[in-house]
Amino acid sequence: MRLHALQYLRAVAALAVVYSHAVIQVEGYSQFLGEAGSFGVDIFFVISGFIMIYIAKPDDTAVEFIKNRARRVVPLYWFFTFLMAAILLGMPSVFKATVFDLKALLLSLAFIPHWSLAQTDEAWPIVAPGWSLNFEMYFYLIFALSLYLAQRFRVLFITVVISVVFLVATVLHDGESAMAKFFSKSMVFEFILGMALAVAWKRGYKLPASTAAWLLLSATCLLFLRLPVPRIFEFGVPSLLIVAACLFIRVKEYRWAVLLGDASYALYLSHIFTLGVLRKVLPPFLGEGQLAAYLFVGISLVLCTVVGVYIHWYIDNWLLRHERLPGYSNKSPLASKA
């Protein structure tokens, strides 16, 4: 089944993350711009949980699952990780605070959470947006283990494992362990929310299109309330409602929007590189003030999108050419990365 609205949502989530980083690039512009958009990652996590259950088959094996997930996630991420390492060695001034470290590079390549040298209180890889991929690979590993069980026990198994790890990490979190801080983040439960939604979807639960539209509007408003609650409630639950609404909203297929959804992974990983260049180039031409700040963000969103689509077409597809050619179709919302 073609889930066009869900595909479009992936593009919106990626652009939200781009916005959240664009508004903090130039110190003089930040005062005119509202910080928002980090919830794009939460939407991705819910979608990821949904897709894994949606595409799961009774005869899936753990080894094949891990191979397929790694083939879709690792090549482009490693490409940008090595690119970041090269830039940090040759042109370190491009990025505001990131520095090169061999240990950090190796841990980043292995998807192992570690303290960032740029933001010492964050467990980030050298390509900062890659922190969410550490969560993705963690979820994929648990999902792969669940494939050794009967299909009816998989969601329960994943929920129990994630919950136990979260509780242990919360108890051990003392501010010194990057692993403990990372795995004690409540947003990890967003994968479970996505899986629960997929189970309900497969069992035939439906919403009228009009109800879905109101649900989408209401949940989107919730994202901007910034309530003082754990992230799973602040962004996770609204993200669940948004993804659920997009399953039942009737939309036409627009090839450009499907393309943006397909390119969302490339956009997500590449945008910090584009922003690094724009931060150096644009302010001298735009000047200062509110209008300059708005122009910077607008231009950043457009150029980051163009670069992301280009990378999707000419780098990501090339890296995955053995997976996608022949027979790969960009028209399928579920053919690309979850």
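Output the residue which, of all residues in segment 6-32 that are among the aliphatic types (A, V, I, L, M) and over 17 Å from the mean Cα position of the chain (by Cα), is farthest from Gly308 (Cα to Cα).
In this case the residue turns out to be Val26.
Out of the residues in segment 273-305 that are among the small types (Gly, Ala, Ser) and part of a helix (DSSP H, G or I), which is farthest from Val17 (Cα to Cα)? Give the steps one after another, and end with the answer.
First, the residues of segment 273-305 that are among the small types (Gly, Ala, Ser): 276, 287, 289, 292-293, 298, 300.
With part of a helix (DSSP H, G or I) added as a condition, the list becomes 276, 292-293, 298, 300.
Values: Gly276: 15, Ala292: 21, Ala293: 17, Gly298: 14, Ser300: 12 Å.
Here the residue is Ala292.
Mind listing whichever residues of segment 11-24 are within 25 Å of Arg250 (Cα to Cα) and modelled with pLDDT under 95? Reasoning before the result, please.
Filtering segment 11-24 for residues within 25 Å of Arg250 (Cα to Cα) gives 11-16.
Hits for segment 11-24: nothing passes.
Kindly provide the set of residues from segment 27-47 that are touching a Phe, Trp or Tyr at 6+ places or on another chain (Cβ under 6 Å) and under 18 Å from Val12 (Cα atoms), ordered by number.
Residues satisfying the conditions are Gly37, Phe39, Asp42, Phe45.
Give me the pairs: first residue in segment 114-131 and over 12 Å from Lys181 (Cβ atoms), second residue surrounded by fewer than 16 Cβ atoms within 10 Å (Cβ to Cβ), beta-carbon distance under 6 Å, and six or more apart or on different chains, which are they?
Leu117/Val99; Ala118/Ala97
Condition check: over 25 Å from Arg250 (Cα atoms) and charged (D, E, K, R). Does Arg203 satisfy that? Please lay out each step first, then the result.
Numbers: over 25 Å from Arg250 (Cα atoms): no; charged (D, E, K, R): yes.
No.
Condition check: of a type in the set (D, E, K, R) and free of Cβ contacts under 8 Å to residues at least 40 places away in the same chain. Does Arg255 satisfy that?
Against the criterion (of a type in the set (D, E, K, R) and free of Cβ contacts under 8 Å to residues at least 40 places away in the same chain), Arg255 does not qualify.
Listed here are the residues, each with its yes/no results for (1) aromatic (Phe, Trp, Tyr); (2) in contact with a helix residue (DSSP H, G or I) (Cβ under 6 Å, 6 or more places away or on another chain); (3) under 30 Å from Lys280 (Cβ atoms).
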| site | (1), (2), (3) |
| --- | --- |
| Thr61 | no, no, no |
| Asn68 | no, no, no |
| Phe100 | yes, yes, yes |
| Trp131 | yes, no, yes |
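Evaluate the following for Arg71: is it surrounded by 20 or more Cβ atoms within 10 Å (Cβ to Cβ) and basic (Lys, Arg)?
Details: surrounded by 20 or more Cβ atoms within 10 Å (Cβ to Cβ): no; basic (Lys, Arg): yes.
It is false that Arg71 is surrounded by 20 or more Cβ atoms within 10 Å (Cβ to Cβ) and basic (Lys, Arg).
When the residues of segment 175-229 are narrowed to those that are of a type in the set (S, T, N, Q) and part of a helix (DSSP H, G or I), which ends up nearest to the chain's Cα centre (by Cα)? So that I can check it myself, show each step before the final result.
Taking segment 175-229 as the starting set, the residues that turn out to be of a type in the set (S, T, N, Q) are 177, 184, 186, 210-211, 218, 220.
If we keep only those that are part of a helix (DSSP H, G or I) as well, we get 186, 210-211, 218, 220.
Working: Ser186: 16, Ser210: 28, Thr211: 27, Ser218: 22, Thr220: 18 Å.
Per the stated criteria, the residue is Ser186.
Working only within segment 49-59, note down all residues that are touching a helix residue (DSSP H, G or I) at 6+ places or on another chain (Cβ under 6 Å) and surrounded by 14 or more Cβ atoms within 10 Å (Cβ to Cβ). Outline the logic, then answer.
Of segment 49-59, the ones touching a helix residue (DSSP H, G or I) at 6+ places or on another chain (Cβ under 6 Å) are 49-50, 52-54, 58.
Listed by number, the residues that qualify are Gly49, Phe50, Met52, Ile53, Tyr54.
What helices (runs of 4 or more DSSP H) completely inside segment 25-125 contain at least 1 residues that are more than 30 Å from Ala245 (Cα to Cα) and at pLDDT 90 or above?
Working: elements: 27-30, 39-54, 62-90, 102-109.
Of the helices (runs of 4 or more DSSP H) lying wholly inside segment 25-125, those with at least 1 residues that are more than 30 Å from Ala245 (Cα to Cα) and at pLDDT 90 or above span 27-30, 62-90, 102-109.
Kindly indicate whether Gly34 is surrounded by fewer than 16 Cβ atoms within 10 Å (Cβ to Cβ) and in contact (Cβ under 8 Å) with a residue 24 or more places away in the chain. Walk me through how you get there before you give the answer.
Working: surrounded by fewer than 16 Cβ atoms within 10 Å (Cβ to Cβ): yes; in contact (Cβ under 8 Å) with a residue 24 or more places away in the chain: no.
The answer is no for Gly34.
Which of the residues that make up segment 260-301 are over 24 Å from Leu319 (Cα atoms), among the hydroxyl-bearing types (Ser, Thr, Tyr) and crowded, with 20+ Cβ neighbours inside 10 Å?
Passing the criteria: only Ser300.
Tell me, which residue of segment 146-167 that is of a type in the set (Val, Ile, Thr) and either farther than 17 Å from Arg203 by Cα or out of contact with any helix residue (DSSP H, G or I) (no Cβ under 6 Å at 6 or more places or on another chain) (or both) is surrounded by the most Cβ atoms within 10 Å (Cβ to Cβ)?
Filtering segment 146-167 for residues of a type in the set (Val, Ile, Thr) gives 155, 158-162, 164-165.
Narrowing the set further to residues that are either farther than 17 Å from Arg203 by Cα or out of contact with any helix residue (DSSP H, G or I) (no Cβ under 6 Å at 6 or more places or on another chain) (or both) leaves 158-162, 164-165.
Values: Ile158: 22, Thr159: 17, Val160: 12, Val161: 17, Ile162: 18, Val164: 10, Val165: 15.
Only one residue tops the list, namely Ile158.
The values are calculated or read from the model by the stated rules, or taken from the named source; none is laboratory data. Note that the coordinates shown come from a computational prediction; the quantities given were computed from them, not determined experimentally. Cβ: placed from backbone, ideal geometry, glycine included. Neighbour counts: every protein chain shown.
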